[in-house]
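This report concerns only the one structure given below.
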Amino acid sequence: MGKNNYAICITRTCGSGGTEIGKMLSKQLGIDLYDRKLLRLASDDSGINEQLFAKADQDMKKTILYKVSKAVYNGEKIPPESGNFLSDRSLFEFQARVLHGLLKKESFVVLGRAADFVLADEPSAVSVFLTASEKACQEREMEIMQTDELGVNRYIRSINRYRSDYYKYHTGKKWKNVENYDLCLRTDVLGYQGCVDVIVHYLETRLGRKLREE
C-alpha cells in the first residue's frame, strides 16, 4: 500500500447530506469520490460487462434476501464457473477487491458499500457515520424530490431500510452501531463544512501529518 494513501469511508442516513459532504471532502483534499463508479472499476477488474453489474446492483434493491439471510464477506473469491458469479455476493467481492487495490494506488472518499467493514484492517482507512434529525432529513429530501411529506417519509424509510439490510447481510453487523465507526456526526448540528473540518482534523491527527498542504 502507498504509505501516504488514505481512505475516508462514509456511511450515511438518507437526507443527512452525506453525499454532499463526500463531494466537499473530495474537492478540499483533491482526491476522488467513489460510489457507483465502483461498478465500472469492478467491471474492469473482472472483465464482466458493467451493465451486468449494474443490473445485479439494482436487483439487490428489489430482493428480500437481506431480510431472511446473511452472507458475511470474508475475502473469498467467487469463480466464474460458479452459478452465483453474477450474484450480489460476487458484486460485493469485486467491489471489495477494487477498494483494496485503490488504496495501494491513491487516496479516496467512498460512499456506502460497507467500505468501513471492507477496509477495517487498513490503518489509514477512517470510517464515518453521518446522520441528522428526522426533521432535517425530511426537509432536505422534500427540497430535492419536490414532493409531499408523506412521500418523502416513505422514501427515507425505504432507503434507510435497504442500507441497513445491505450492511447486515454483508457484514453481520448493525448499520447504526456506533462501535463500527471511528466518527459519528450529526450533520444538522455541525453543518456540512463543520463535518468536513472534523473529519479532516481527525484524519490528520490519526495520520500525524497535514493533508491540505500536500
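Structure summary
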{"item": "Pairs, first charged (D, E, K, R) in segment 106-131, second open to solvent by 10 Å² or more (accessible area, probe 1.4 Å) and part of a loop (DSSP other than H, G, I, E, B), C-beta under 9 Å, six or more apart", "result": "Glu106/Gly2; Glu106/Asn5; Glu106/Ile31; Arg113/Asp35; Asp116/Tyr181; Asp116/Asp182; Glu122/Met1"}
{"item": "Filter result for Ala125 (closer than 23 Å to Ile8 by Cβ, touching a Cys at 6+ places or on another chain (Cβ under 8 Å) and buried (at least 18 other Cβ atoms within 10 Å of the Cβ))", "result": "yes"}
{"item": "In segment 101-117, the residues that are assigned to a helix (DSSP H, G or I) and either under 21 Å from Val200 (Cα atoms) or open to solvent by less than 10 Å² (accessible area, probe 1.4 Å) (or both)", "result": "Leu102, Leu103, Lys104, Lys105, Ala115, Asp116, Phe117"}
{"item": "Counted residues, segment 181-196 - those being open to solvent by less than 30 Å² (accessible area, probe 1.4 Å) and either out of contact with any Leu (no Cβ under 8 Å at 6 or more places or on another chain) or hydroxyl-bearing (Ser, Thr, Tyr) (or both)", "result": "5"}
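For (1) outside any loop (DSSP other than H, G, I, E, B); (2) without any contact (Cβ under 8 Å) to a residue 24 or more places away in the chain; (3) open to solvent by 70 Å² or more (accessible area, probe 1.4 Å), each residue gets a yes or a no:
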residue	(1), (2), (3)
Gln138	yes, no, no
Leu150	yes, yes, yes
Tyr155	yes, no, yes
Tyr162	yes, no, no
Asp165	yes, no, no
Val198	yes, yes, no
Glu204	yes, yes, no
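The values are calculated or read from the model by the stated rules, or taken from the named source; none is laboratory data. For clarity, every value in this text was computed on a predicted model and none was experimentally measured. When we count neighbours, we look across all protein chains shown, and the Cβ atoms used for this are built from the backbone with ideal geometry, even at glycine. Ligands, DNA and RNA are excluded from the accessible area calculation, which covers all protein heavy atoms including side chains. Shrake-Rupley method; radii C 1.70, N 1.55, O 1.52, S 1.80 Å.
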